[in-house]
Amino acid sequence: MTTGFHILIADDHPLMRGALSHAVSSELTDITIHEAGNLGEAIAAIEACRKQGHDIDLVLLDLHMPGMNGFTGLFTLRASYPDIPVTIVSASQDMPVVRRAIEYGAAAFVPKSAPVEQIGAALRAVLDGEMWMPDWARDAIENSPQKDANTDIAAKISQLTPQQLRVLNMLTEGKLNKQIAYELDVTEATIKAHVSAILRKLSVHSRTQAVIVARELQLQEPAVEV
């Protein structure tokens, strides 16, 4: 029996957080559940736990909540907390989304429509250090080409530090170095250095090209949010 874990549920819909909390509690014992409604709150919850002397053992992450900016939020969490596995819980069941989530660092992908028992199986697998996805997704990924353009983007983006990911995210919003420096409370020279590093790691030669790469991480809203 899996026991003694701290699990963070990050979703902007209170009803979904409640449903996931119920599912987690019914499948695992001796757990502490933390909740967040956006990426900033998720990071704050992780930091708060660390200050209390323990780590979050698993994050259940909604791709479409505020602050995520597509897959950028997943990259940010993985870069900032590489030891914390992330399970994507999404209303989307599109194979490109599933594939990209796994390629971009998620340990599991669980549809929001999945039965409680399936959610429990996914959580236990991830807490045991394994990867998990529905059989239909695993079959599709195993029977398709191993590498594509998204794999190349994932490899490049994964080289960025958490701060460089923040800077890249702000570049996609059209912000100038001066504005980014102000918001991150650093010097403009520091931002220039970050931008240079971003261009080098993404193998591009301009801010515009970097933004084009970053926009590949964006997602369309699901047609129906469960």
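Inclusion of Gln163 among residues that are within 16 Å of Ala214 (Cα to Cα), in a helix (DSSP H, G or I), at pLDDT 90 or above and not hydrophobic (A, V, I, L, M, F, W, C) is warranted. Among the residues making up the stretch 112-138, a single one is basic (Lys, Arg) and either in contact with a Lys or Arg (Cβ under 6 Å, 6 or more places away or on another chain) or over 21 Å from Pro96 (Cα atoms) (or both): Arg124.
When Val226 is tested against (1) closer than 25 Å to Ser90 by Cβ; (2) at pLDDT 90 or above; (3) open to solvent by 60 Å² or more (accessible area, probe 1.4 Å), exactly one condition is not met: (2).
Summed over the stretch 90-110, residues that are within 16 Å of Leu77 (Cα to Cα) and open to solvent by 10 Å² or more (accessible area, probe 1.4 Å) total 5. The single condition from (1) out of contact with any Asp or Glu (no Cβ under 7 Å at 6 or more places or on another chain); (2) open to solvent by less than 50 Å² (accessible area, probe 1.4 Å) that Pro82 fails is (2). Might you let me know whether the stretch 100-111 holds any residue that is over 16 Å from the mean Cα position of the chain (by Cα) and touching a residue at least 12 places away in the same chain (Cβ under 8 Å)? No. His64 satisfies every condition listed in (1) more than 15 Å from the chain's Cα centre (by Cα); (2) touching a residue at least 40 places away in the same chain (Cβ under 8 Å) except (1).
The values are calculated or read from the model by the stated rules, or taken from the named source; none is laboratory data. On a predicted model such as this, the values are computed, not experimentally measured, just so you know. Every residue, glycine among them, receives a Cβ derived from its backbone with ideal geometry; neighbour counts consider all protein chains shown. When the accessible area is computed, the model is the full protein with side chains, heavy atoms only, and any ligands, DNA or RNA have been set aside. Shrake-Rupley method; radii C 1.70, N 1.55, O 1.52, S 1.80 Å.
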